[in-house]
Structures are given as C-alpha cells and as structure tokens.
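A.B. asks: This is the structure I want to talk about, given as structure tokens.
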Protein chains: 2
Amino acid sequence: MAAITIGKLASQTGVHLETVRYYERIGLIPAPRRARNGYRHYRSEDVRRLSFVRRARDLGFDIEEIRTLLALAEPGQSSCDEVRKLAMAHLGDIQSKISDLQRLASLLTASIEQCRGSEVPACPVLDMLGASAA
Amino acid sequence: MAAITIGKLASQTGVHLETVRYYERIGLIPAPRRARNGYRHYRSEDVRRLSFVRRARDLGFDIEEIRTLLALAEPGQSSCDEVRKLAMAHLGDIQSKISDLQRLASLLTASIEQCRGSEVPACPVLDMLGASAA
DNA sequence: TCTTGAGTCCGTAGCCACTACGGGGTGTAG
DNA sequence: CTACACCCCGTAGTGGCTACGGACTCAAGA
C-alpha cells in the first residue's frame, strides 16, 4: 500500500495542501512521522482527524472551537453535554448572523425595487445609503 | 461653532477613530485640512460621506465596492442602473450566504436535537463531524 | 541514462478590514 | 500647575489562510 503523503491527505480531505502545513504549524493537527527523504507520512487516523476539522470549519467553527471539540472527542470523555453546549452557542451565533443578513437583504431589496419604477428622481439605493439616519 | 475633529467625526458617524485614519490612508475618504496644531479638520460633508461608507459597510459591501458606489454617487452621474446592478449582485451574495447558513443551522440543530433523547451511545454532534462522508 | 515534470521541503510575505500599541505633543478645566 | 482627555504618527498584530521562491526528490518515458 502506498504511503499517505501530504498531497494525498490534502486531496482525500479536501483541505488545501498549504493549509495542512498551516494546521500542523499552529498545532491543530499533530506533526506526522517523516520518511527518510523528509516527506510527511500520514496514517488513516490523520485522514479522519483532518476530515473532522474540515467539516467543523465548513460549519463555521473557528480554530479555537475546533481545538476544544477535538479535545472533547478524545476517548474516555463523557462530554456530550459540553459538546452540545458549544454547538448550541455556535448555533446561536449562526442564527443571529442569519437574521442580520435577512434584515440587510430586505433593505437592499426594498431600495432595488424602487429603482424598477424608474419614475424616481434620484437613485434609491444611493439615497438609502446617504440617508442621515441609520 | 466648534470644529469637527477626528474624535467628533468618529462619534458622529459611529466609525472607530483609528478606522477613520485607516480610510484616509487607503484613500477611501479624502485627507482633510489640518489646523495649525496638525489636527484634522472635517466639514459636514465629510460626516455625510463617512456615514455613507459606514452604512454601506454595515450592509456588507467591501471597500472596493464602496469606492465604486462613491464614484457613482458623484454629481452628474446618471448611474442608477449601475448602482442597481452592483446592489443586485451584492444581494445575490447575501442570499447565498443566508442559505448556506440555514443549511448549516439545520444540520447543527438536527444533531443537537438527537442529544436531547440521551439514549444515544455516543455524541451525535461529534458523530456528525466525524462521519466519513460530508 | 538522461530528462522532464510532478511532488515535496522550508520560511516568509501577502490578503482583508481593521484594531492595538507605544511614545510623543496639545488643549482645557480646576 | 497639574491632571487628563484628545490628537499625532508609524508599526505590528489579528484570523485563516494563500502565494511565492528556491531547492530537493522521485517516478516515468525516450
């Protein structure tokens, strides 16, 4: 069986090769063994760990949160509660981001809509941006 | 009447003082006149311009987009169409961000929900993150 | 055997939009 | 006169990568 080099790890996990090295540098993933030529040599466990990281990033967890998740995922931790807490806090963040964006989208939509009528003297989008109150 | 110093400009527009200097440095707002002591001296027009910038930033436009908007807002431009195009493109971005976050929130909600039953062997949140397929 | 091209090594710098820091000068109220 | 707030400037740090440059190694083809 062929050794897992950094390139293979990258393509198997969908994490950019240079990002893998970055994660190693900041200690998010452990430094792997090196072959005689100096090349990094990963095991299938590393693939799983990095996939975990990638999915967590995709879900918008930041690096520090992922560090915590990885620690909680260590064997022997009966940590479902803590994980749930972290996930719920994160969910709260996401939901307030969503409602921010929704308010924002409806503001934009409103001023774009007005453009359609085109009997307006000035540009409603610029007007909204230039309005003296927020 | 008191002169508009950078601190007043900042508090009137809600833009951080150091951010005002940053915007000046990158040429987003013009460099103001200086008093004899070297202090920046703003006019009410500058307050309007910076407020515009702030609202656009709040709506998630990036600096380059705002540069364009400011140029289009210059007098003598009959540019409503272009502004609308920019705004619509931006709205598209926002809407896809919203749906990304919504998918993400329902994923998270689903795995948190499973935790509630608590007859589960392992932690569903970690399971989801650790699942081999995305 | 030689060459070509892909893969890997490393450190460093750049990206965006700020934000903070440090060390100084200035203005004002008590 | 002494606090203390305000302002000046340049530089460095933030997060999470991404890109660059120059050197090495390895596998496959001619």
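A.B. asks: If you check A:Val83 against the conditions, is it at pLDDT 85 or above and in a helix (DSSP H, G or I)?
C.D. replies: no
A.B. asks: Can you run down the residue pairs with Cβ atoms below 7 Å, 6 or more apart or on separate chains, where the first is in segment A:60-74 and over 25 Å from A:Ile98 (Cβ atoms) and the partner is open to solvent by less than 50 Å² (accessible area, probe 1.4 Å)?
C.D. replies: Filtered contacts from segment A:60-74: A:Arg67/A:Leu28; A:Leu72/A:Ser79; A:Leu72/A:Val83; A:Ala73/B:Leu126.
A.B. asks: Out of the residues in segment B:32-52 that are open to solvent by less than 90 Å² (accessible area, probe 1.4 Å) and more than 22 Å from the chain's Cα centre (by Cα), which is farthest from DNA strand D (Cβ to nearest atom)? Steps first, please.
C.D. replies: Residues of segment B:32-52 open to solvent by less than 90 Å² (accessible area, probe 1.4 Å): B:32, B:35, B:38, B:40-42, B:44, B:46-47, B:49-52.
So of that shortlist, the ones also more than 22 Å from the chain's Cα centre (by Cα) come out as B:32, B:35, B:38, B:40-42, B:44.
Values: B:Pro32: 8, B:Ala35: 8, B:Gly38: 5, B:Arg40: 3, B:His41: 8, B:Tyr42: 10, B:Ser44: 16 Å.
This residue is B:Ser44.
A.B. asks: Looking only at segment A:1-10, how many residues end up being loosely packed, with under 13 Cβ neighbours inside 10 Å and either within 14 Å of chain B (Cβ to nearest Cβ) or within 11 Å of DNA strand D (Cβ to nearest atom) (or both)?
C.D. replies: Taking segment A:1-10 and keeping what is loosely packed, with under 13 Cβ neighbours inside 10 Å, we get A:1-3, A:7.
Among the residues that remain, those that are also either within 14 Å of chain B (Cβ to nearest Cβ) or within 11 Å of DNA strand D (Cβ to nearest atom) (or both) are: A:2-3.
Qualifying residue count, segment A:1-10: 2.
A.B. asks: Collect the residues in segment B:59-80 that are at pLDDT 85 or above and within 8 Å of chain A (Cβ to nearest Cβ), keeping them in residue-number order.
C.D. replies: Scanning segment B:59-80 gives a single hit, B:Leu69.
A.B. asks: Scan segment B:1-27 for residues that are within 16 Å of the chain's Cα centre (by Cα) and in contact (Cβ under 8 Å) with a residue 40 or more places away in the chain and jot them down.
C.D. replies: Across segment B:1-27, the qualifying residues are B:Thr13, B:Gly14.
A.B. asks: Check whether at least one residue in segment B:15-28 is away from chain A (no Cβ under 11 Å), open to solvent by 20 Å² or more (accessible area, probe 1.4 Å) and in contact with an Asp or Glu (Cβ under 8 Å, 6 or more places away or on another chain), and report yes or no.
C.D. replies: no
A.B. asks: Something else: Taking the criterion of being of a type outside the set (Gly, Ala, Ser), crowded, with 18+ Cβ neighbours inside 10 Å and within 16 Å of DNA strand D (Cβ to nearest atom), would at least one residue in segment B:60-72 satisfy it?
C.D. replies: no
A.B. asks: Search segment A:111-134 for residues being at the interface with another protein chain (Cβ under 9 Å from one of its Cβ atoms) and assigned to a loop (DSSP other than H, G, I, E, B), and hand back the single one that is modelled with the lowest pLDDT. Walk me through it before giving the result.
C.D. replies: Initially, segment A:111-134 is screened for residues at the interface with another protein chain (Cβ under 9 Å from one of its Cβ atoms), giving A:111-112, A:115-116, A:118, A:120, A:122-126, A:128-132, A:134.
Now narrow it down to the ones that are assigned to a loop (DSSP other than H, G, I, E, B): A:118, A:120, A:122-123, A:131-132, A:134.
On the way: A:Ser118: 53, A:Val120: 53, A:Ala122: 65, A:Cys123: 68, A:Ala131: 60, A:Ser132: 47, A:Ala134: 38.
Going through the qualifying residues, I end up with A:Ala134.
A.B. asks: Let me ask something additional. Can you pull out every residue in segment A:85-110 that is among the charged types (D, E, K, R) and facing chain B (nearest Cβ under 7 Å)?
C.D. replies: Narrowing segment A:85-110 to residues among the charged types (D, E, K, R): A:85, A:93, A:97, A:100, A:103.
Selection gives A:Lys97 alone.
The values are calculated or read from the model by the stated rules, or taken from the named source; none is laboratory data. Keep in mind it's a predicted model, so treat the numbers as computed, not measured. Heads up, the Cβs are rebuilt from the backbone with ideal geometry, glycines too, and the neighbour counts pull from every protein chain shown. These accessible areas exclude ligands, DNA and RNA; they are computed on the full protein's heavy atoms, side chains included. Shrake-Rupley method; radii C 1.70, N 1.55, O 1.52, S 1.80 Å.
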